[in-house]
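Q: This is the structure, below, for whatever I ask next.
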């Protein structure tokens, strides 16, 4: 009987783990959260591509990649703010205007990357990693969790 109870308990733990019920939540939005306005970066060298951009600490960031495996909380350092949403935004409108959040990454002391993540979307949600423009052509450490999306702008 004791083996049966232990087996049932192990199965329940596995189910909770697989469904994400035991995952830690993302870092909270700080009281002094930065309100990021989405800008536009025009890449005139490569087919006049346009990228959404954000500015943080005097640096401009544009999309670089996405997660290369299953999302893991250990990749996140802290929440620094959110992208302002309005009636023209392509994502789901959030009445509090704070669901599309910007995070710094663990192990990225130079803050060459920021993560954009809408933590209200539960199914098939993938973060987008923004890379600082001033790192183009510079050899930097790319966190192991990031896969490049192959934008021509970032090709060396």
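The values are calculated or read from the model by the stated rules, or taken from the named source; none is laboratory data. Remember, predicted model here, so these are calculated numbers, not experimental data. Heads up, the Cβs are rebuilt from the backbone with ideal geometry, glycines too, and the neighbour counts pull from every protein chain shown.
Q: Only residues in the range 70-88 that are more than 26 Å from residue 37 (Cβ to Cβ) count as the first member; pair them with residues that are modelled with pLDDT under 75, Cβ under 6 angstrom, at least 6 apart or cross-chain, and list the lot.
A: As it stands, the answer is 73/24, since those pairs meet every condition given.
Q: Report every pair of residues separated by at least 6 positions or lying on different chains whose Cβ atoms are under 7 Å apart, first residue within the range 112-124 and farther than 19 Å from residue 65 by Cα, second modelled with pLDDT under 75.
A: Pairs that qualify, where the first residue is farther than 19 Å from residue 65 by Cα and the partner is modelled with pLDDT under 75, are 120/94.
Q: I've got another one for you. Quick check on my filter: what residues within the range 146-156 are part of a loop (DSSP other than H, G, I, E, B) and either in contact with a strand residue (DSSP E or B) (Cβ under 6 Å, 6 or more places away or on another chain) or farther than 16 Å from residue 66 by Cβ (or both)? Spell out how you get there, then give the answer.
A: First, the residues of the range 146-156 that are part of a loop (DSSP other than H, G, I, E, B): 149-151, 155-156.
Selection gives 149, 155, 156.
Q: Within the group 82, 56, 61, 75, which residue is modelled with pLDDT of 95 or more and closer than 19 Å to residue 27 by Cα?
A: From the options 82, 56, 61, 75, the qualifying one is 56.
Q: Of all residues in the range 126-140 being assigned to a loop (DSSP other than H, G, I, E, B) and within 15 Å of residue 68 (Cβ to Cβ), which is modelled with the lowest pLDDT?
A: 126
Q: Six or more apart or on different chains, Cβ under 6 Å: which pairs go from a residue in the range 39-63 that's touching a residue at least 60 places away in the same chain (Cβ under 8 Å) to one that's outside any strand (DSSP E or B) and loosely packed, with under 11 Cβ neighbours inside 10 Å? Could you list them?
A: 46/152
Q: Being surrounded by fewer than 16 Cβ atoms within 10 Å (Cβ to Cβ), more than 22 Å from the chain's Cα centre (by Cα) and either under 23 Å from residue 153 (Cβ atoms) or at pLDDT 90 or above (or both) is the requirement here; does residue 44 meet it?
A: It is true that residue 44 is surrounded by fewer than 16 Cβ atoms within 10 Å (Cβ to Cβ), more than 22 Å from the chain's Cα centre (by Cα) and either under 23 Å from residue 153 (Cβ atoms) or at pLDDT 90 or above (or both).
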